[in-house]
1. Please work out the Kirkwood hydrodynamic radius for region 1-84, using every pair of different C-alpha atoms, and report it in angstroms with one decimal place.
2. What net charge is computed for the residues neighbouring G65, neighbours being all others with C-beta under 12 Å from the C-beta of G65, Lys and Arg scored +1, Asp and Glu -1?
3. Note down the net charge around I150, summing +1 for each Lys or Arg and -1 for each Asp or Glu among other residues with Cβ under 12 Å from its Cβ.
Amino acid sequence: MPRPSSIDVLPSDVKDKLNALLRDPRVSQLDVTQKINQLLAAQGHDERVSKSAVNRYSMKMEKVGEKLRQSREMANMWIAKLGAQPQGQLGHLVNEMLRTMAFDLSLNLQGMEVQEDELPGQVKLLKELSTAVHRLEQAASENTKREKEIRRQMAEEAAEAAAEVATSAGITAEAAQEIKNKILGIA
């Protein structure tokens with residue numbers, strides 16, 4: 001198994017500072033390397049980071065960031081396309097995205113691309129997303145059932161009213177019942 005990168009063994013507060021420095025376009029990677037090494041020395045740590053380690057880590061984070069941007073753009077495109085369509089289709093899209101994320105996480109675990117300290121957070125995020133999707137789909141299903149029940153009640157009221165009007169207009173009870181059955185879709 002390869003030796004972990006000097007970046008991977010950094011204390012979490014130093015790694016947070018590294019990430020903040022890398023996000024700042026005004027700071028060069030050489031400056032980032034120097035500032036992180038100064039911070040490590042000030043805290044009494046023996047380890048140091050090299051410019052190449054910082055560069056590899058920066059490239060890895062850019063790759064992850066690009067993948068996130070692409071995922072967001074794709075999700076926005078599909079949500080815009082399906083926004084006016086039934087909730088179920090949007091739910092299918094989100095479910096498919098979750099399956100893809102779980103598959104990607106599985107592949108990354110097999111390829112050891114996920115750091116051990118990142119794993120619990122990624123698994124927790126995936127679990128929370130799955131729970132949220134389940135709740136959304138459950139709410140959408142309940143709304144669909146409620147709408148169906150309202151439509152059924154409205155049809156029954158309309159059928160009853162039509163049968164009453166037909167009866168009062170002199171149509172036989174059997175004919176009025178036939179009208180009511182037609183409205184309700186009863187054969």
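Every number here is computed from the coordinates shown, using simple stated rules; none is lab data. Bear in mind the structure is a predicted one, so any value in this text is a computation, not a measurement. Backbone-built Cβ (ideal geometry, glycine too); neighbour counts: all protein chains shown.
1. Hydrodynamic radius (Kirkwood, Cα only) of region 1-84 equals 14.6 Å.
2. Net charge around G65: +4.
3. +1
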